[in-house]
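Reading through the structure tokens given below for one structure.
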Amino acid sequence: MQTKPIALTILDVLSVISIGVATYFALVFAPTEQIMGQVQRVFYFHVGTAWVGMLGFIMAAVVGVIYLIKKDLKWDRIGVAAVEVSTMFFFITIALGSIWARPAWNTWWTWDPRLTTAAITELIYIAYFMLRAGIEDPEKRARFGAVYTLLGGISVPITFMAIRLFRTIHPVVVGNESAAAQGGFSMSGDMVTAMLVSFAAFTIIFIDLMWNRIRMGSLEEKVEQLKLKVSM
Amino acid sequence: MTNETNTTAIVQRPSFLKAVMAIVQKDLSAEFRSRELLSAMLVFSMLVILIFNFALELNIDVRRTVTAGVLWTTFAFAGTLGLNRSMAVEKDRGCMDGLLLAPVDRSAIFFGKAISNLAFMLIVEAIVIPLYALLYNETRIFQLEFLGVLLLGSIGYISVGTLLSAMSVQTRTRDVLLPILLFPVAVPVLLASVKASGGIIEGLPLNDILTPINLLIVYDIVFIAISFMVFDFVVEE
Amino acid sequence: MIEVKKLVKRFGLKTILRGLDFHVEPGEFVALLGPNGAGKTTFLRILASLSRPSLGTVHVAGYSLPNESAQVRARLGVVSHMPLLYPDLTAEENLEFYARMYGIMNAAPRITEVLGMVGLEARRKDLVRTFSRGMQQRLAIGRAIIHDPEVVLFDEPYTGLDQDASTMLDEVLRSVAAKGRTVVMTSHDLARAEDLATRFDILSRGVITASAKRSDFKNTNLLDFYKKALAG
């Protein structure tokens, strides 16, 4: 049994600290937004989780391609880890967005391009898990998973563009078309700092969770191997 | 039983195109004999339109805005039925192995199946659209642009659908899995098709619907290319 | 004609073939015998280019797998326990389709010849749907040799056949072999294999454990040999 690497333990601790720091910056450090008030603070975690969510999905598509070329199941474990962690973060993004939307847009949900794309993205990766669940052979499971994450990775941006062609009310925070959308706001310097801290914090947490999940995947495989040995 | 004498077969690897055409012709002649797949798709399409009639109260005002959506929803649902069946025929009797054993490129199998699937989809559309026009007195759907969008949309939908059906048919949950895999990935195609064909029905100038049409073309090219490249990985072992 | 060295096939963690060596001379008729789950079908699928070896080298008809699989496939016929036929096409149409897939020029006389050989000339215009299991299996053999392959693989060709159908199949198998083709057949029907094959190989736990020529059976018979090979 391999013991947990010390670096990973350190990263675990660092992740917990990151959550604390990001929370402090979002809830205390950042100034209260003038129009929306306190609820705007949800925004910092919202963009943080959205960032790592997307990071993971892109990563899954990339390691999917690598798996198809190299045929090494290690890449499949990374892919699954990325999709699992990101699906969770993306769900948090949507939930936090809803909390913000209630006062800002006066509704929990609207069929705005980003929200719709987010929902479709979640569905794609839920379908990914259903696809994997239906296949016994680990290599076939990895191959099909890789192909599907690749399709998803290409389809999501096209979906977003497609919906974006029609009007949106979602505020564009990064970029400069900002204030036109309903509920948009311009960020002060401290707000930008809080947002960057949140990005950094969630990136650390993401790496930590990925590492743990990949490690779990290889341990699972070892257990299977041992079981097989015992049964022979 | 006679013994094999000596008309030695002259064998050479068939060209890509010949292999594709052989598969298409095989699928079409089998289907025109049994009509299993087409009749299922057609009856199902009519039922969906019937249900929409109750669900949406398709009176004149509503129809103007939802015709494109109703038609595309119908074709998407009927399409999965056809895609599923067409691939199950290959899988169930081991015929997929038969195709894979032939000395042809794997992608010829993909294009062969995709073209037959597209043919089935277009046949269904060619029957459902006049029926819809008849039932709802909606003649604006007989426009060249509308049919062009129909073709572009069907191509995109079928190319991803053929790839995904080759995957879903190999899983334990095969019958339920295809729409779950296909619909979220095919959203851009459905969306752009609905927007473009809706615009045509409403009589918008071509300039206004150019964006969704361009999007359809981009989607078609990208997804045909991807499916072509990854089909090998879906059928190999 | 067939040269296999140190072949390993894994499905995920399960190893099916463990360093299998196998060699067949041109014109030999090898019966591959062994209990269920020994890896016979897996092995045949690898020879047929339908499955990739995990390790080891495989040469069929002078070409290596999986790199030169198109060349191998052009020289190879396969009959499995599934007929690989389209029920909604006639016998003739099925053969026509496969003739096109193998790029056979001027296929009509060849189709007539093959239909005659498998005793289905009278039924050439009938749908395969209406055929009995035995007739389907004979047509499947016709399909497999339509392109006059040098090597023919039979995977349990007798599965699901009654006595009469099996006897008829014997005759067809003999004439397939009579043309100097190299044949490998898996079977667990020892009596049938004993009648047909010129060599008997026992596959057990992923390797060939014993091999004997027909001429070796003077004082002993196949059943004893088989039992001994599995016991040892």
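The values are calculated or read from the model by the stated rules, or taken from the named source; none is laboratory data. Everything numeric here is computed off the predicted structure, so don't read it as measured data. Counting neighbours? That spans all protein chains shown, and the Cβs are built from the backbone with ideal geometry, glycine included.
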Check: Applying the selection to the stretch A:61-74, what residues are within 14 Å of chain B (Cβ to nearest Cβ) and in contact (Cβ under 8 Å) with a residue 40 or more places away in the chain?
Finding: A:61, A:64, A:65, A:67, A:68, A:71
Next item on the list: Examine the stretch C:107-123 for a residue that is within 30 Å of residue B:32 (Cβ to Cβ), in contact with a Pro (Cβ under 8 Å, 6 or more places away or on another chain) and of a type in the set (A, V, I, L, M, F, W, C), and state whether such a residue exists.
Entry: no
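Conditions tested, residue by residue: (1) touching a strand residue (DSSP E or B) at 6+ places or on another chain (Cβ under 8 Å); (2) more than 8 Å from every other protein chain (Cβ to nearest Cβ); (3) buried (at least 24 other Cβ atoms within 10 Å of the Cβ); (4) among the charged types (D, E, K, R).
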position: C:77; (1), (2), (3), (4): yes, yes, yes, no
position: C:80; (1), (2), (3), (4): yes, no, yes, no
position: C:88; (1), (2), (3), (4): yes, no, no, yes
position: C:98; (1), (2), (3), (4): no, no, yes, no
position: C:113; (1), (2), (3), (4): no, no, no, yes
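Go through the stretch C:152-179 and give me each residue that's out of contact with any helix residue (DSSP H, G or I) (no Cβ under 8 Å at 6 or more places or on another chain) and more than 11 Å from every other protein chain (Cβ to nearest Cβ).
Answer for the stretch C:152-179, where residues must be out of contact with any helix residue (DSSP H, G or I) (no Cβ under 8 Å at 6 or more places or on another chain) and more than 11 Å from every other protein chain (Cβ to nearest Cβ): C:159, C:163, C:167.
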Next item on the list: State yes or no: is residue B:104 outside any helix (DSSP H, G or I), buried (at least 24 other Cβ atoms within 10 Å of the Cβ) and touching a helix residue (DSSP H, G or I) at 6+ places or on another chain (Cβ under 7 Å)?
Entry: yes
Next item on the list: Return the only residue of C:184, C:128, C:118 being crowded, with 18+ Cβ neighbours inside 10 Å and assigned by TED's automatic domain parsing to the domain that holds residue C:11.
Entry: C:184
Checklist line | Total residues in the stretch A:136-164, condition more than 7 Å from every other protein chain (Cβ to nearest Cβ) and outside any helix (DSSP H, G or I) | finding: 1
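Could you name every one of the helices (runs of 4 or more DSSP H) located completely within the stretch A:1-120 that has at least 2 residues being more than 21 Å from the chain's Cα centre (by Cα) and farther than 17 Å from residue A:211 by Cβ? Walk me through it before giving the result.
Working: elements: A:6-24, A:42-70, A:73-105.
Helices (runs of 4 or more DSSP H) meeting the threshold: A:42-70, A:73-105.
Does at least one position in the stretch A:204-227 carry a residue that is among the charged types (D, E, K, R), at pLDDT 80 or above, in a loop (DSSP other than H, G, I, E, B) and over 30 Å from residue A:21 (Cα atoms)? Even if it seems obvious, please write down each step before you answer.
Looking only at the stretch A:204-227, we keep the residues that are among the charged types (D, E, K, R), and these are A:208, A:213, A:215, A:220-222, A:224, A:227.
Still in the list and also at pLDDT 80 or above: A:208, A:213, A:215, A:220-222, A:224, A:227.
With in a loop (DSSP other than H, G, I, E, B) added as a condition, the list becomes none.
Scanning the stretch A:204-227 turns up no residue that is among the charged types (D, E, K, R), at pLDDT 80 or above, in a loop (DSSP other than H, G, I, E, B) and over 30 Å from residue A:21 (Cα atoms).
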Check: What is the number of the single condition among (1) within 9 Å of chain B (Cβ to nearest Cβ); (2) modelled with pLDDT of 90 or more; (3) in contact with a helix residue (DSSP H, G or I) (Cβ under 9 Å, 6 or more places away or on another chain) that residue C:118 does not meet?
Finding: (2)
Next item on the list: Evaluate the stretch C:141-151: report whether one residue or more is crowded, with 21+ Cβ neighbours inside 10 Å, within 22 Å of residue C:23 (Cβ to Cβ) and either charged (D, E, K, R) or away from chain B (no Cβ under 11 Å) (or both).
Entry: yes
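Any idea how many residues of the stretch A:196-232 are within 14 Å of chain C (Cβ to nearest Cβ) and of a type outside the set (Ser, Thr, Tyr)? Break it down stepwise before answering.
Within the stretch A:196-232, the subset within 14 Å of chain C (Cβ to nearest Cβ) is A:217-232.
Remaining after also requiring of a type outside the set (Ser, Thr, Tyr): A:217, A:219-230, A:232.
Of the residues in that region, 14 qualify.
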Note to self: Quick check on the stretch C:19-75: of everything there that is part of a loop (DSSP other than H, G, I, E, B) and hydrophobic (A, V, I, L, M, F, W, C), which residue is nearest to the chain's Cα centre (by Cα)?
What the structure shows: C:48
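Quick one: which helices (runs of 4 or more DSSP H) sit completely within the stretch B:143-237 and have at least 2 residues that are surrounded by fewer than 16 Cβ atoms within 10 Å (Cβ to Cβ) and more than 10 Å from chain A (Cβ to nearest Cβ)? Break it down stepwise before answering.
Details: elements: B:144-168, B:174-185, B:187-201, B:210-235.
The helices (runs of 4 or more DSSP H) meeting that bar are B:144-168, B:210-235.
Give the residues of the stretch A:124-141 that are without any contact (Cβ under 8 Å) to a residue 12 or more places away in the chain, of a type in the set (Asp, Glu) and touching a Phe, Trp or Tyr at 6+ places or on another chain (Cβ under 8 Å), sorted by residue number.
Narrowing the stretch A:124-141 to residues without any contact (Cβ under 8 Å) to a residue 12 or more places away in the chain: A:130, A:133-137, A:140.
Still in the list and also of a type in the set (Asp, Glu): A:136-137.
Scanning the stretch A:124-141 gives a single hit, A:137.
Do we find that residue C:134 is at pLDDT 90 or above and either out of contact with any Gly (no Cβ under 6 Å at 6 or more places or on another chain) or not assigned by TED's automatic domain parsing to the domain that holds residue C:47 (or both) in this structure? Working first, answer last.
Numbers: at pLDDT 90 or above: no; either out of contact with any Gly (no Cβ under 6 Å at 6 or more places or on another chain) or not assigned by TED's automatic domain parsing to the domain that holds residue C:47 (or both): yes.
Taking the combined requirement at face value, the residue does not satisfy it.
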